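J.: This is the structure, below, for whatever I ask next.
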Amino acid sequence: MKLLSLLLPTAALAFTDYSEKCTSESPCSTIESISNDDFPTKDTFVIYTTSQSGDRLQKANKKMDSSSNGGWQEIRVDLDTNYQTIVGFGGALTDAAAININTLDKGLQQQVIDSYYTEGGLEYSLGRVPIASCDFSTEVYSYVEVEEDLELESFDISVDSSPTTGDKMGLIQRVLKATANPISLFASPWAPPAWMTQTNSTVGNPSLREEVEIYQSWSKYFTRFFEAYRAAGVEFWGVTVQNEPAGNTGAWQDLKMSPEEQRDFIKNYLGPELRAFNPDLKIMMHDDQRVHLKKWTDTILGDPEAAQYVDGVGIHWYSEVEDYVTWATKPFDKMNDVKSKYPDQFILATEACNGFIPIIDQGPKLGDWNRGERYGYDILHDLNAHAVGWTDWNIALDLTGGPNWAKNVVDAPILIDAESGDAFYRNPMWYYLGHFSKFVRPGSVRVGCSSTAPFTQSPMEAACFETPDDKVVIVVLNRDITGHKYNVQVVGTGNYINVEVEKHSIQTIVFPKP
């Protein structure tokens with residue numbers, strides 16, 4: 001039944017547009033937040049629903065019951081069992097995002113920013129920033145274009161404030177100003193200056209030149225980046241050592257490293273360099289597909305000298321084919337195995353997007369419900385496999401899925417009509433992300449959460465959390481082609497939360513900790 005529920009919607013929903021169009025005349029809807037008035041008694045709860053049939057983070061206030069509704073699916077919450085602490089949820093602030101947002105008038109630009117970062121939106125708490133160019137730039141560039149400038153005397157980030165990047169720096173500063181909550185920014189390099197590579201190129205999966213001076217200079221490049229951004233008022237929480245070090249298609253920027261090469265780079269160069277610059281900066285290894293996890297973590301975290309510098313492990317979702325084949329590839333088992341073997345390092349989902357598969361499924365599909373559902377599935381199961389957060393790729397693209405100089409177009413939760421400049425669209429992915437980002441706030445702790453059902457049915461997919469303000473948050477995903485009746489009970493209490501959920505929907509339940 002579960003396989004049927006995954007395959008049938010793909011065909012059924014492919015030609016239906018479930019997006020929300022936002023214009024100056026018809027602004028985006030806002031999300032109604034939770035206040036203490038929503039809980040007049042201890043037996044009340046709030047439930048938010050997004051469904052294929054029309055709900056979009058729709059809020060409802062309800063009362064608990066003293067008995068179960070008899071639903072076959074049951075969820076039990078165990079607040080005495082604690083797992084990882086959540087860092088946050090967010091997306092990447094790329095050149096493409098900045099360029100697209102800047103095609104809109106000032107009012108619509110602010111609507112996009114508000115959609116992600118304010119109380120009426122998703123309240124993102126995490127952000128990824130590429131170090132220099134990536135494929136979602138309009139051209140290849142670095143911050144040191146003078147060849148053999150090993151001392152980085154020509155280091156210059158002014159391109160990040162130029163039309164080339166859509167004033168990416170300005171977008172980041174606007175985001176930080178717009179939000180009332182802290183945002184944990186982390187940076188990721190795609191490639192060093194071309195002259196630092198063995199092929200004098202940043203495409204084709206090059207490697208660093210082998211001279212010690214190159215490794216030293218590349219390490220100092222990181223520090224110079226953080227210093228320059230700090231001078232502009234932008235502080236970073238973390239950094240990944242290299243985006244997709246195992247290699248990409250070779251069509252856009254990259255720096256290929258073997259696990260052994262990354263291990264040695266971390267322990268001999270980058271780790272000491274960054275610890276001297278900012279000992280609190282979180283250093284993340286890997287930043288690549290989950291299929292590589294075992295080899296990379298065993299090589300790097302299995303080396304105590306390298307492991308002392310590593311705070312976390314970054315993961316991408318692509319090689320699992322957008323989680324279509326998790327029954328075979330078992331990516332969440334891989335994550336659980338890493339956490340079990342290396343409990344001192346966190347796991348963070350650092351990049352994901354729909355529409356990346358060439359020919360078969362590439363580029364945007366405006367309003368595609370199935371793509372939102374896939375986001376919900378991956379986020380929920382990554383969290384249940386110990387991820388401390390989840391990072392979307394570009395926060396905004398145009399209707400063709402770009403700009404991308406390498407023609408590697410993909411989808412995004414917000415698509416902008418960059419040609420007319422008078423509208424943008426919020427895809428179902430945006431709403432699915434909101435069911436996590438708005439309610440599972442930084443500092444929340446994942447708690448015990450078990451879901452059961454008779455043999456003839458599938459259990460509800462759920463994740464449970466306790467927030468810093470003593471609320472319990474439960475996110476429940478229904479990917480099935482039918483609705484369900486389920487109930488929730490917190491272990492040790494006598495009350496039940498009885499729910500009827502529609503097909504193809506996601507719900508977030510919030511109530512005070514008993």
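The values are calculated or read from the model by the stated rules, or taken from the named source; none is laboratory data. Because the structure is predicted, anything quoted here is derived from the model rather than measured. Positions of Cβ are backbone-derived with ideal geometry, glycine not excepted, and every protein chain shown enters the neighbour counts.
J.: Just give me the residues in the range 80-126 being of a type in the set (S, T, N, Q) and part of a loop (DSSP other than H, G, I, E, B), in sequence order. Write out each step before concluding.
T.: So the first thing to find is which residues in the range 80-126 are of a type in the set (S, T, N, Q), and the list is 81-82, 84-85, 94, 100, 102-103, 109-111, 115, 118, 125.
Matches in the range 80-126: T94, N102, T103, T118, S125.
J.: Restricting the search to the range 243-269, which residues are within 25 Å of the chain's Cα centre (by Cα) and of a type in the set (A, V, I, L, M, F, W, C)?
T.: A246, A251, W252, L255, M257, I266
J.: From the list F356, F346, exactly one residue is touching a helix residue (DSSP H, G or I) at 6+ places or on another chain (Cβ under 8 Å) and within 22 Å of V129 (Cβ to Cβ). Which is it? Break it down stepwise before answering.
T.: Values: F346 fails: touching a helix residue (DSSP H, G or I) at 6+ places or on another chain (Cβ under 8 Å).
Result: F356 is the single residue among F356, F346 that is touching a helix residue (DSSP H, G or I) at 6+ places or on another chain (Cβ under 8 Å) and within 22 Å of V129 (Cβ to Cβ).
J.: Moving on. Just checking, which of I347, I360, I395 is of a type outside the set (S, T, Y), farther than 17 Å from M429 by Cβ and modelled with pLDDT of 95 or more?
T.: One residue alone meets the criteria, I347.
J.: Pick from W195, W252: which is among the aromatic types (F, W, Y) and within 15 Å of P130 (Cα to Cα)?
T.: Numbers: W195 fails: within 15 Å of P130 (Cα to Cα).
None of the others qualify; the one that does is W252.
J.: Shifting gears a bit: Determine which single condition R446 fails, assuming it passes every other condition in (1) part of a loop (DSSP other than H, G, I, E, B); (2) surrounded by 21 or more Cβ atoms within 10 Å (Cβ to Cβ); (3) of a type in the set (D, E, K, R); (4) touching a strand residue (DSSP E or B) at 6+ places or on another chain (Cβ under 8 Å).
T.: Result: R446 fails condition (1) only.
J.: Restricting the search to the range 182-198, which residues are surrounded by fewer than 23 Cβ atoms within 10 Å (Cβ to Cβ), farther than 23 Å from L171 by Cα and either in contact with a helix residue (DSSP H, G or I) (Cβ under 8 Å, 6 or more places away or on another chain) or of a type in the set (F, W, Y) (or both)?
T.: The one that is surrounded by fewer than 23 Cβ atoms within 10 Å (Cβ to Cβ), farther than 23 Å from L171 by Cα and either in contact with a helix residue (DSSP H, G or I) (Cβ under 8 Å, 6 or more places away or on another chain) or of a type in the set (F, W, Y) (or both): W195.
J.: OK, next. Name the residues in the range 50-67 that are among the polar types (S, T, N, Q) and surrounded by 13 or more Cβ atoms within 10 Å (Cβ to Cβ), would you? Break it down stepwise before answering.
T.: Residues of the range 50-67 that are among the polar types (S, T, N, Q), as a first pass: 50-53, 58, 61, 66-67.
Answer for the range 50-67, where residues must be among the polar types (S, T, N, Q) and surrounded by 13 or more Cβ atoms within 10 Å (Cβ to Cβ): T50, S51, Q52, Q58, N61.
J.: Can you tell me which residue within the range 485-514, out of those that are farther than 27 Å from R56 by Cβ and hydrophobic (A, V, I, L, M, F, W, C), is surrounded by the most Cβ atoms within 10 Å (Cβ to Cβ)?
T.: That would be V490.
J.: For K106, which of the numbered conditions (1) touching a residue at least 40 places away in the same chain (Cβ under 8 Å); (2) exposed (fewer than 14 other Cβ atoms within 10 Å of the Cβ) fails to hold?
T.: It is condition (1) that K106 fails.
J.: Identify, please: which residue in the range 455-498 is in contact with a helix residue (DSSP H, G or I) (Cβ under 7 Å, 6 or more places away or on another chain) and assigned to a loop (DSSP other than H, G, I, E, B) and is, among those, nearest to S68 (Cα to Cα)? Before you say what the answer is, go through the steps one by one.
T.: Within the range 455-498, the first condition is being in contact with a helix residue (DSSP H, G or I) (Cβ under 7 Å, 6 or more places away or on another chain), and the residues that meet it are 458, 461, 463, 475, 477, 479-481.
The next check asks that each one be assigned to a loop (DSSP other than H, G, I, E, B); those that pass are 458, 479-481.
Working: S458: 19, R479: 23, D480: 22, I481: 24 Å.
Checked the range 455-498; the qualifying residue nearest to S68 (Cα to Cα) is S458.
J.: Moving on. Could you tell me whether W390 is at pLDDT 95 or above, at negative phi, part of a strand (DSSP E or B) and in contact with a helix residue (DSSP H, G or I) (Cβ under 9 Å, 6 or more places away or on another chain)? So that I can check it myself, show each step before the final result.
T.: Details: at pLDDT 95 or above: yes; at negative phi: yes; part of a strand (DSSP E or B): yes; in contact with a helix residue (DSSP H, G or I) (Cβ under 9 Å, 6 or more places away or on another chain): yes.
In short, yes.
J.: On to the next question. Suppose we filter N394, N408, N384 for residues that are surrounded by fewer than 22 Cβ atoms within 10 Å (Cβ to Cβ) and over 20 Å from A463 (Cβ atoms); which single one remains?
T.: Details: N394 fails: surrounded by fewer than 22 Cβ atoms within 10 Å (Cβ to Cβ); N384 fails: over 20 Å from A463 (Cβ atoms).
The match here is N408.
J.: Buried (at least 20 other Cβ atoms within 10 Å of the Cβ) and either outside any helix (DSSP H, G or I) or under 25 Å from the mean Cα position of the chain (by Cα) (or both): does that describe G302? Break it down stepwise before answering.
T.: Numbers: buried (at least 20 other Cβ atoms within 10 Å of the Cβ): no; either outside any helix (DSSP H, G or I) or under 25 Å from the mean Cα position of the chain (by Cα) (or both): yes.
Considered against the rule, which asks whether it is buried (at least 20 other Cβ atoms within 10 Å of the Cβ) and either outside any helix (DSSP H, G or I) or under 25 Å from the mean Cα position of the chain (by Cα) (or both), G302 comes out as no.
J.: Are there any pairs, at least 6 apart or on different chains, whose C-beta atoms fall under 7 Å, with the first in the range 151-169 and part of a loop (DSSP other than H, G, I, E, B) and the second among the aliphatic types (A, V, I, L, M), and if so, which?
T.: L152/V144; S154/V144; S154/V146; F155/V144; I157/A228; G166/A98; G166/I99; D167/A98
J.: Test T30 against the stated conditions and say whether it is outside the structural domain of E119 (by TED's automatic domain parsing) and assigned to a strand (DSSP E or B).
T.: Numbers: outside the structural domain of E119 (by TED's automatic domain parsing): yes; assigned to a strand (DSSP E or B): no.
Against the criterion (outside the structural domain of E119 (by TED's automatic domain parsing) and assigned to a strand (DSSP E or B)), T30 does not qualify.
J.: Follow-up question, since we're still on this one. Within the range 193-235, track down each residue that is within 18 Å of D95 (Cβ to Cβ), part of a loop (DSSP other than H, G, I, E, B) and not aliphatic (A, V, I, L, M).
T.: Passing the criteria: P193, T202.
J.: Scan (1) farther than 30 Å from C449 by Cα; (2) touching a His at 6+ places or on another chain (Cβ under 7 Å) for the single condition N100 breaks and write down its number.
T.: (2)
J.: Given the criteria at pLDDT 95 or above and in the same structural domain as I183 (by TED's automatic domain parsing), does T297 qualify?
T.: Details: at pLDDT 95 or above: yes; in the same structural domain as I183 (by TED's automatic domain parsing): yes.
When the stated conditions are applied, T297 passes them.
J.: Let me ask something else. Answer yes or no: is there a residue in the range 128-142 that is surrounded by 21 or more Cβ atoms within 10 Å (Cβ to Cβ), in a strand (DSSP E or B) and out of contact with any Lys or Arg (no Cβ under 9 Å at 6 or more places or on another chain).
T.: yes
J.: Conditions: (1) over 19 Å from the mean Cα position of the chain (by Cα); (2) in a loop (DSSP other than H, G, I, E, B); (3) over 24 Å from G434 (Cβ atoms). G402 meets all but one. Number of the miss?
T.: Answer for G402: the failing condition is (1).
J.: Select from the range 305-353 the residues that are among the polar types (S, T, N, Q) and within 22 Å of F186 (Cβ to Cβ) and write down the one among them that is surrounded by the most Cβ atoms within 10 Å (Cβ to Cβ). Reasoning before the result, please.
T.: At the first step, the residues of the range 305-353 found to be among the polar types (S, T, N, Q) are 308, 319, 326, 329, 336, 340, 345, 350.
Imposing the further condition that a residue be within 22 Å of F186 (Cβ to Cβ) reduces the set to 308, 319, 345, 350.
Working: Q308: 12, S319: 15, Q345: 20, T350: 29.
Across the range 305-353, the extreme among qualifying residues is T350.
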